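Asker: Can you read through this structure? Questions will come right after.
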């Protein structure tokens, strides 16, 4: 079993909103068309298991090599947005263009997780819409960014529990 498969097997946590409807091929095609990008196969694998929601505590943080406004040594990843458009408070990957514009973020990005002030995103600026995007942390308030991983699969393989960090942030 690869590290990605190990994380994938226990990636999703209990979601108070319940499980969203299953992701369809048509929804993926529509999302990629609307976003103007090809979504990574590793992201789609996770979203086919559950189309967004709460990430399990065992995988809710990513270690960083530099401090951020969040922590000296990691960033939070407690939620992964799905493709399905929600009628409630939950955001979707399809909200990325409007959210990036609202928060003054560069383009093209697909936002994966965040609260408005800080985001983790697929960063297509270097690879273009058909390429394999890197994963980057963005702080809208400080107008700063920090590259996290060369691709989404590497990002997932690097996830760990926020409880493993000494500052207790989660």
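Readers should treat all values here as calculations from the given coordinates under stated rules, not as data from a laboratory. None of these values were measured; they are calculated from a predicted model. Positions of Cβ are backbone-derived with ideal geometry, glycine not excepted, and every protein chain shown enters the neighbour counts.
Asker: Give me the Kirkwood hydrodynamic radius of the stretch 27-71, using the inverse of the mean 1/r over all pairs of distinct Cα atoms, in Å to one decimal.
Answerer: For the stretch 27-71, inverting the mean 1/r across all distinct Cα pairs yields 13.1 Å.
Asker: For 155, 4, what ranking results if the residue with the fewest other Cβ atoms within 10 Å of its Cβ goes first?
Answerer: 4, 155
Asker: Further, regarding this structure: Running a GNM on the chain with Cα contacts under 10 Å, which residue among 144, 134, 96 ends up with the highest mean-square fluctuation?
Answerer: 144
Asker: Choose one answer from 133, 16, 67: the residue with the largest mean-square fluctuation in a GNM of the chain with alpha-carbon springs under 10 Å.
Answerer: 16
Asker: Would you indicate which of (1) 0.96; (2) 1.01; (3) 1.14 is the value of Cα Rg over 2.2 N^0.38 Å derived from the coordinates of this structure?
Answerer: Label of the calculated value: (1).
Asker: Also, quick follow-up: Would you mind listing how long the stretch 98-148 runs along its three principal axes, going by Cα atoms, in whole Å with the largest first?
Answerer: Sorted from largest, the Cα extents of the stretch 98-148 read 29, 22, 16 Å.
Asker: Something else about it: What spacing in nm lies between the two simple spin-label points modelled at residue 143 and residue 6, each 7 Å away from Cα in the Cβ direction?
Answerer: Here the modelled spin labels are 4.2 nm apart.
Asker: Tell me the label-point distance for the pair residue 19, residue 165, using the 7 Å Cα-to-Cβ offset, in nm and rounded to one decimal.
Answerer: Roughly 3.1 nm, to one decimal.
Asker: Fully extended, how many nm does the chain gain between residue 125 and residue 154 (0.36 nm per residue separation, minus their Cα-Cα distance)?
Answerer: 8.6 nm
Asker: Another one. Neighbour counts of other C-beta atoms within 10 Å: give me 81, 1 arranged from fewest to most.
Answerer: 1, 81
Asker: Grab the DSSP H runs of the chain that are 4 residues or longer, score each as -39,500 (n - 2.57), total them, divide by all residues and round the 222 nm result to the nearest 500 deg cm²/dmol.
Answerer: -6500 deg cm²/dmol
Asker: Further question on the same structure: Picking from 126, 64, 160, which is most flexible by a Gaussian network model of the chain using Cα springs under 10 Å?
Answerer: 126
Asker: Separation between the residue 48 and residue 73 pseudo-spin-labels, each 7 Å from Cα along Cα→Cβ, expressed in nm?
Answerer: 3.7
Asker: Also: I'd like the antiparallel share, as a percent to the nearest 5, of DSSP beta bridges with both residues in the chain.
Answerer: 95
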